[in-house]
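Each remark here refers to the structure printed beneath this line.
The values are calculated or read from the model by the stated rules, or taken from the named source; none is laboratory data. Quick caveat: nothing in here was measured; it's all calculated off a predicted structure. Cβ placement follows ideal geometry from the backbone for every residue including glycine, while neighbour counts extend to all protein chains displayed.
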Amino acid sequence: MNTLAIEISSAAAGVAVAAGGEITALRRFEAPRGRGAEVFSVLAAMRASWHGTERVAVGIGPGSYNGLRVACALAGAWQMALGVDLVAAPSCCLLDAPEDTYLAAGDARGGRIWLARVEQRRLNGVIALLTSDEFRLQIEGADPAVYRVGDLPGFASLPAARPDAGILALLAPRLIPVDPDRFGPIYLKPPHITPPRPPRT
């Protein structure tokens, strides 16, 4: 089964293709501040490798609001247009960490930190939204290891890890296809929207 995996939940984005349990193509690219549109040029450059894709996999967060929207819209459109299987996994379960069981954390903005427990590449429990003090208490003496995704103010000493499209591509054959009508990103908070300025008089 040919699988195309798309992961744009963080600034360290990627696209991977896998077949027969092996990665056949992998491109990593930067998507700072959720600018995931670069994925289209990456996919164009990789066209020969993903041609004939039978399954599309997408990382659904938590992470960049814009990056997640781009990834999910693209994967959903692919499924709708071509009728391929669509599968999804939380991006925090896809870290390029040496262990399959770990704690993952990231900046949820607004003074909050998200924290997830991952066991054997599966989310265990809910993703918590914590203050810095709450987070510090949660990770003191924590077992397993704690990894941060991207910059995490006040906790730069934590080892960094990134969600990896290659891990998603290899995991995808074991995932159950999702219902396209109920498919979407993991949003921990409502999106922050800046209202337009009133017109000048």
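Out of Arg69, Arg27, Arg47, one residue alone is in contact with a strand residue (DSSP E or B) (Cβ under 9 Å, 6 or more places away or on another chain) and basic (Lys, Arg). It is Arg27.
Among the residues making up the stretch 139-155, a single one is touching a strand residue (DSSP E or B) at 6+ places or on another chain (Cβ under 8 Å), without any contact (Cβ under 8 Å) to a residue 40 or more places away in the chain and surrounded by fewer than 16 Cβ atoms within 10 Å (Cβ to Cβ): Ala142. Every condition in (1) modelled with pLDDT under 95; (2) over 13 Å from Phe183 (Cα atoms) is met by Gln79 except one, and the failing one is (2).
If Val56 satisfies every condition in (1) buried (at least 23 other Cβ atoms within 10 Å of the Cβ); (2) among the β-branched types (Val, Ile, Thr); (3) closer than 28 Å to Pro159 by Cβ but one, which is the exception? For Val56, the exception is condition (3). Could you check, for the stretch 91-101, whether at least one of its residues is more than 27 Å from Ile113 (Cβ to Cβ) and among the hydrophobic types (A, V, I, L, M, F, W, C)? There is no residue in the stretch 91-101 that is more than 27 Å from Ile113 (Cβ to Cβ) and among the hydrophobic types (A, V, I, L, M, F, W, C).
Look at Asp164 and say whether it is more than 14 Å from the chain's Cα centre (by Cα) and closer than 17 Å to Ala97 by Cβ. It is false that Asp164 is more than 14 Å from the chain's Cα centre (by Cα) and closer than 17 Å to Ala97 by Cβ.
Among the residues of the stretch 188-200, none is identified as modelled with pLDDT of 85 or more and surrounded by fewer than 14 Cβ atoms within 10 Å (Cβ to Cβ). Please enumerate the residues belonging to the stretch 4-59 that are basic (Lys, Arg) and on the phi < 0 side of the Ramachandran plot. Scanning the stretch 4-59 gives Arg27, Arg28, Arg35, Arg47, Arg55. Of the residues contained in the stretch 165-183, one or more are found to be within 17 Å of Ala5 (Cβ to Cβ), modelled with pLDDT under 95 and touching a helix residue (DSSP H, G or I) at 6+ places or on another chain (Cβ under 8 Å).
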